[in-house]
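Visitor: One structure, pasted below without further comment.
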Amino acid sequence: YARPASPQTKSSSIREIIGHALEMTEKARTEKDINVHVHFDEIDTPISVYPTMLEHALINICLNAIDAMKTGGTLIISTRSVDGSAKSLAVHIEDNGCGIDKEDLHHIFNPFFTRKKYGTGLGLTQVKKIIDMHQGSIEISSIKDKGTSVTIILPVKQEYVASENISGRN
């Protein structure tokens, strides 16, 4: 009872996880008439993740993007293999919102850091923790009054990489 159960990773489709995250943010997107463009890599490479946790991280990022945009803004989500290899998958989320001050960028993953009038400042801290738990990385770049870009790199399920190498497809 004292120790919560460890979540179990499972082979998952990033397309499905992104789809669920977008479903969960539909109300917020509709209220602000946000345009969404999704571009998936040709191959839906399976990744070994905690799907609910990764979905939670993507929801948080999308809600931050929606918050930052004016009515009619644009949210772009894309996936691609990293450097043409089957070892890593990149998820790129970009908005044309208000951006983040350059001075604030190095604080955004710190607990309780926020410039919002509401919220706890724990959202991106949780996102970072989830991505770290998956042995991934997250990078955020932003230009004030232009928008923000989030890139998440996740390792691909190792059995998939091995089967790709055996079949000669790299």
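Visitor: Hey, any hits in region 19-29 for a residue that's open to solvent by less than 70 Å² (accessible area, probe 1.4 Å), more than 20 Å from Ser142 (Cβ to Cβ) and not in a helix (DSSP H, G or I)?
Guide: No, region 19-29 contains no residue that is open to solvent by less than 70 Å² (accessible area, probe 1.4 Å), more than 20 Å from Ser142 (Cβ to Cβ) and not in a helix (DSSP H, G or I).
Visitor: Right, something else. Condition test on Glu42, is it at pLDDT below 90, over 16 Å from the mean Cα position of the chain (by Cα) and loosely packed, with under 15 Cβ neighbours inside 10 Å?
Guide: yes
Visitor: Follow-up question, since we're still on this one. Select from region 45-61 the residues that are in a helix (DSSP H, G or I) and touching a strand residue (DSSP E or B) at 6+ places or on another chain (Cβ under 7 Å) and write down the one among them that is surrounded by the fewest Cβ atoms within 10 Å (Cβ to Cβ).
Guide: Of everything passing the filter in region 45-61, Pro51 is surrounded by the fewest Cβ atoms within 10 Å (Cβ to Cβ).
The values are calculated or read from the model by the stated rules, or taken from the named source; none is laboratory data. Given the structure is predicted, the values throughout are model-derived calculations rather than measurements. Here Cβ is always computed from backbone atoms with ideal geometry, including for glycine, and neighbour counts include all displayed protein chains. Side chains included, ligands, DNA and RNA excluded: accessible areas come from the protein's heavy atoms. Shrake-Rupley method; radii C 1.70, N 1.55, O 1.52, S 1.80 Å.
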